[in-house]
Amino acid sequence: MTPLPVTLLTAATLTGVNGWLSNRIGALRRMHKISVGDAGNEALLRRMRAQANFIEFAPMFLIMLAALELSQANRTLLAIVAAAFVAARIAHAVGMEGGPLQRWRMVGMMTSVLATVLLALWAVLCVAGLGC
């Protein structure tokens, strides 16, 4: 049995999300012939920021997820929080497109923060001996 199945599946899924974010940037770069930076193209800037924000959140989430899983925290609950985080990161990226989709940015950001803070609090409780 894999010692960290929730973390491994979440990391693999987030790697796919990062690839999707990268491909969306590449498509706009090719379409507008922009090889470096954003050249003032707001759509490209939005997609670049969506990926940058993803990279700012995902590593700490995965570190805490792995640490809790190694600490034998409830895997079902970890999987639920991880699924919410993955969905939130996708929602955030979709919302970064702006326009009528913009509300998903807020939903994605709030859910990402909530999931990350939840894992952090869970980790503190675990360390304090109040249950993992």
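Where a number appears in this text, it was derived from the coordinates with a stated rule and is not lab data. Note that the structure is predicted; figures quoted are calculated from it, not measured. Positions of Cβ are generated from backbone atoms using ideal geometry, with glycine treated the same way; all protein chains shown enter the neighbour counts.
Odds and ends about this structure:
- All of Ala73, Ala128 fail the test of being over 18 Å from Val17 (Cβ atoms), crowded, with 17+ Cβ neighbours inside 10 Å and aliphatic (A, V, I, L, M), apart from Ala73.
- Sub-8 Å Cβ pairs linking a first residue in the range 9-23 that is small (Gly, Ala, Ser) to a second residue that is assigned to a helix (DSSP H, G or I) and surrounded by 16 or more Cβ atoms within 10 Å (Cβ to Cβ), at least 6 apart or interchain, are Ala11/Leu62; Ser22/Gln51, ordered by first then second residue.
- Subset of the range 87-100 [touching a residue at least 40 places away in the same chain (Cβ under 8 Å) and either touching a His at 6+ places or on another chain (Cβ under 6 Å) or buried (at least 21 other Cβ atoms within 10 Å of the Cβ) (or both)]: Arg89, His92, Ala93, Met96
- Complete set of residues in the range 71-85 that are under 13 Å from Pro5 (Cα atoms) and assigned to a loop (DSSP other than H, G, I, E, B): Gln72, Ala73, Asn74
Residue-by-condition table, conditions (1) under 20 Å from Ala120 (Cα atoms); (2) of a type in the set (D, E, K, R); (3) part of a loop (DSSP other than H, G, I, E, B):
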| site | (1), (2), (3) |
| --- | --- |
| Asn23 | no, no, no |
| Leu28 | no, no, no |
| Asp38 | no, yes, yes |
| Arg49 | no, yes, no |
| Phe54 | yes, no, no |
| Glu69 | yes, yes, no |
| Ala87 | yes, no, no |
